[in-house]
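See structure below.
The values are calculated or read from the model by the stated rules, or taken from the named source; none is laboratory data. It should be emphasised that the depicted structure is a prediction, and the values quoted were computed from it without experimental measurement. Cβ atoms come from the backbone with ideal geometry, glycine included; neighbour counts cover every protein chain shown.
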Protein chains: 2
Amino acid sequence: MRPTGTIAFALLVHTRDEPGVLHQLTEVMAEHRVNITYVDIVERHDGLSDVYFELEAVADAQALMRDLRALEITRGIDETPSFSRIFGKRIIVMGGGAQVGQVAVGAISEADRHNIRGERISVDTIPLVGEQDLAAAVRSVARLPRVKALVLAGSLMGGEITEAVREIREKGIIVVSLNMAGSVPEAADLVVSDPVQAGVMTVMAVADTAKFDISRQRGRRY
Amino acid sequence: MRPTGTIAFALLVHTRDEPGVLHQLTEVMAEHRVNITYVDIVERHDGLSDVYFELEAVADAQALMRDLRALEITRGIDETPSFSRIFGKRIIVMGGGAQVGQVAVGAISEADRHNIRGERISVDTIPLVGEQDLAAAVRSVARLPRVKALVLAGSLMGGEITEAVREIREKGIIVVSLNMAGSVPEAADLVVSDPVQAGVMTVMAVADTAKFDISRQRGRRY
């Protein structure tokens with residue numbers, strides 16, 4: 001167990017499953033002036049619940065764990081590796097299945113090369129079509145943790161999807177588009193015709209181990 | 001806005017970014033006896049924070065929103081589509097880049113066919129090697145939301161990874177393994193030699209729209 005200090009650490013708290021559990025746990029954390037950077041209710045079964053926390057600014061980890069253990073609802077606490085340490089930066093690929101698959105091949109293969117050198121990049125995909133569904137999914141990307149870039153892989157995307165692309169770019173997410181019909185390519189940071197290449201370039205744009213500067217590539221088409 | 005009832009709904013609450021925010025928000029939810037099924041701290045920028053909640057057993061949504069808005073820290077609230085509605089069931093693929101890519105091609109292509117018919121299946125991948133790193137990643141799968149199945153794609157996996165496979169299977173996650181050296185195939189629900197086929201079969205095993213019963217396939221090798 002990492003003893004004290006202000007470094008981030010992750011905890012899995014086993015509790016009874018009942019309304020108010022999160023309230024009681026966060027009360028202890030608020031008393032310790034701890035920053036909760038990530039929280040997830042993991043498992044609920046047989047009246048028990050597991051709650052996962054990533055924390056920052058933990059001045060006294062031992063005291064925090066002791067106070068959490070003292071709660072009547074708590075059944076146990078494990079320290080655990082954080083998702084950032086395991087899954088790292090996320091790239092999301094969405095659109096038509098045939099093209100999403102090829103972008104994934106490029107992105108996974110390139111992520112493999114960087115992960116071997118100490119990076120942590122994962123590639124998440126969803127085959128999804130339809131203007132409204134895709135626009136909602138694009139917007140939701142900004143609500144997912146650790147997402148650095150989105151690749152839109154399809155043959156025709158525009159309208160509401162283009163609006164959603166503009167919104168998430170403002171929130172700092174890099175958007176790469178395949179060369180396709182519709183207005184999405186105009187709104188993207190980068191347009192790439194070959195899906196494998198699009199996957200590779202997107203990983204290069206987010207990897208600290210790569211020499212690829214998205215700010216120099218913005219607006220370009222390959 | 002969905003008015004009242006006990007159906008699930010999702011909220012994005014914009015607040016000041018300071019310790020104790022989650023505590024104050026969950027206090028209101030505890031008072032309303034609401035079940036928090038998912039929570040995520042989405043964005044932290046310029047002293048502001050966005051917190052995303054998925055809730056169940058909401059008896060009076062209007063009153064809940066009113067009480068959340070009344071908090072001094074709250075800057076606004078949006079109702080929003082839930083991740084379950086957008087990304088649905090998750091399949092995770094991990095291991096060596098070459099094979100992870102091919103499993104992803106099969107899984108994405110098959111998920112596409114089911115998603116068109118109303119399913120929501122997404123395919124998340126991480127190229128990752130090494131016994132300790134992989135074992136930690138396998139264990140962490142049980143802490144991720146909405147994961148139904150894991151595919152292990154590589155040429156040699158055993159030891160600690162096999163232990164981790166047994167643990168997550170006990171938590172109800174289906175584990176599919178490529179045919180490979182090491183003890184992982186023996187611990188998996190299903191062993192498949194072709195990576196594309198492994199991806200397709202895994203999606204079939206979790207899709208309600210497919211006629212594939214994992215309980216009839218357990219222990220088989222293809």
Q) A:I73 is checked against (1) touching a Pro at 6+ places or on another chain (Cβ under 9 Å); (2) over 20 Å from B:V42 (Cα atoms); (3) touching a residue at least 24 places away in the same chain (Cβ under 8 Å) and fails just one. What number does that condition carry? A) (1)
(Q) One residue is enough: does the range B:172-180 have a residue meeting the conditions at pLDDT below 95 and closer than 22 Å to B:S84 by Cβ? (A) yes
**Q.** Tally, over the range B:184-222, of residues that are surrounded by fewer than 16 Cβ atoms within 10 Å (Cβ to Cβ) and more than 18 Å from B:Q99 (Cβ to Cβ)
**A.** 11
(Q) From the list A:D194, A:D189, exactly one residue is touching a Lys or Arg at 6+ places or on another chain (Cβ under 7 Å) and either on the phi > 0 side of the Ramachandran plot or of a type outside the set (S, T, N, Q) (or both). Which is it? (A) A:D189
Q | Count of residues meeting criterion [modelled with pLDDT of 90 or more and either under 13 Å from A:I174 (Cβ atoms) or among the polar types (S, T, N, Q) (or both)] in the range A:205-219 | A | 3
Q | Output for the range B:129-143, where each listed residue is in contact with a Gly (Cβ under 8 Å, 6 or more places away or on another chain) and within 9 Å of chain A (Cβ to nearest Cβ) | A | B:V129
Q: Scan A:V105, A:V39, A:V93 and give me the residue that is at pLDDT 90 or above, buried (at least 16 other Cβ atoms within 10 Å of the Cβ) and touching a Ser or Thr at 6+ places or on another chain (Cβ under 9 Å).
A: A:V93
Q. What tally of residues in the range A:8-40 results from selecting those that are more than 8 Å from chain B (Cβ to nearest Cβ) and either without any contact (Cβ under 8 Å) to a residue 40 or more places away in the chain or charged (D, E, K, R) (or both)?
A. 5
Q) Quick one: which of B:D60, B:D17, B:D40, B:D46 is at positive phi and not hydrophobic (A, V, I, L, M, F, W, C)? A) B:D46
Q: Identify the residue in the range A:77-128 that is over 16 Å from the mean Cα position of the chain (by Cα) and hydroxyl-bearing (S, T, Y) and, among all such residues, is nearest to the other protein chains (Cβ to nearest Cβ).
A: A:S109
Q.
Going residue by residue through the range A:141-158, is there one that turns out to be surrounded by fewer than 20 Cβ atoms within 10 Å (Cβ to Cβ), in a helix (DSSP H, G or I), of a type outside the set (S, T, Y) and modelled with pLDDT of 95 or more?
A. no
Q. How many residues does the range A:54-72 contain that are crowded, with 21+ Cβ neighbours inside 10 Å and within 10 Å of another protein chain (Cβ to nearest Cβ)?
A. 1
Q: Would you please list the contacts, defined by Cβ atoms under 7 Å and residues six or more apart or on different chains, that run from a residue in the range B:93-117 that is basic (K, R) to a residue that is surrounded by fewer than 24 Cβ atoms within 10 Å (Cβ to Cβ)?
A: B:R117/B:T209
